[in-house]
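Chemist: One structure, pasted below without further comment.
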Amino acid sequence: IPRGVYNLPFEFVLPVSLPSSTQFPKSGGRVFAGRIQYHLRAVIGELHVDRIFQVVAAPLPPTVVPCISQPTTHELKQAMVLKKGFLSFATCLENSRVGKGQSLKVSVACRNDSLVDIERVRIKLVELIEYKARDETATCKNELLELKDINLPGLVKGRSKDLRMSKQRFSETMK
């Protein structure tokens with residue numbers, strides 16, 4: 001390049017799968033600290049200049065992508081011996097593509113074929129961070145949100161009357 005002032009424009013298309021810039025500070029239960037950071041390096045001969053820049057998530061497409069978990073059935077027991085029936089449930093995300101600041105709409109479907117009245121549920125939102133570097137692997141789980149003891153008034157109403165049994169009647173049956 002001869003003597004003078006130059007502006008040499010370049011353009012890069014970032015891959016769609018590129019993760020956003022972020023930091024994972026070591027805190028609490030985390031066993032590692034880390035970050036995702038992007039650098040731009042310009043090199044002329046032996047000289048170079050580095051510039052750190054931030055990559056943020058691209059706007060999400062307007063297409064809704066629901067996610068429904070496969071229902072699972074669990075046998076309910078008292079004192080690990082006395083069978084009380086079965087409970088089947090599944091979860092559904094209205095849209096599995098959500099961005100920061102957007103609402104995650106979740107529903108829980110339940111079929112209660114047991115002697116136990118289910119009155120409350122608990123829902124947790126967990127962040128799972130996994131990384132692999134050379135021969136090292138680490139996983140970190142962070143509980144972002146927990147909704148405890150969500151009262152479900154009306155959940156019992158959907159059960160069959162023949163499966164509903166009072167505690168007193170249950171005790172009398174067991175004598």
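The values are calculated or read from the model by the stated rules, or taken from the named source; none is laboratory data. Fair warning: this is a prediction, and the values are worked out from it, not measured in the lab. Virtual Cβ from ideal backbone geometry, glycine too; neighbours counted across all protein chains shown. These accessible areas exclude ligands, DNA and RNA; they are computed on the full protein's heavy atoms, side chains included. Shrake-Rupley method; radii C 1.70, N 1.55, O 1.52, S 1.80 Å.
Chemist: Considering the stretch 28-62 alone, what residues qualify as being part of a loop (DSSP other than H, G, I, E, B) and either farther than 27 Å from E130 by Cβ or in contact with a Gly (Cβ under 6 Å, 6 or more places away or on another chain) (or both)?
Modeler: Within the stretch 28-62, the first condition is being part of a loop (DSSP other than H, G, I, E, B), and the residues that meet it are 28-33, 37, 45-46, 54-62.
Across the stretch 28-62, the qualifying residues are G45, E46, L60, P62.
Chemist: Of everything in the stretch 63-74, what is assigned to a strand (DSSP E or B) and closer than 30 Å to L14 by Cα? Give them in sequence order.
Modeler: Initial filter on the stretch 63-74 (assigned to a strand (DSSP E or B)): 67-68, 72-74.
Scanning the stretch 63-74 gives a single hit, C67.
Chemist: Taking only the stretch 20-44 into account, find how many residues are modelled with pLDDT of 80 or more and surrounded by 10 or more Cβ atoms within 10 Å (Cβ to Cβ).
Modeler: Qualifying residue count, the stretch 20-44: 8.
Chemist: Can you name the residue in the stretch 45-71 that is over 21 Å from L104 (Cβ atoms) and in contact (Cβ under 8 Å) with a residue 12 or more places away in the chain and, of all such residues, is surrounded by the most Cβ atoms within 10 Å (Cβ to Cβ)?
Modeler: V55
Chemist: State yes or no: is D149 of a type in the set (D, E) and at pLDDT 75 or above?
Modeler: Answer is no for this residue.
Chemist: Just to verify a result, which residue in the stretch 98-126, among those that are at pLDDT 85 or above and charged (D, E, K, R), is least open to solvent (accessible area, probe 1.4 Å)?
Modeler: D113
Chemist: On to the next question. Residues being open to solvent by 80 Å² or more (accessible area, probe 1.4 Å) and either closer than 30 Å to S20 by Cβ or outside any loop (DSSP other than H, G, I, E, B) (or both): count how many of those fall in the stretch 75-97.
Modeler: Final tally of qualifying residues: 7.
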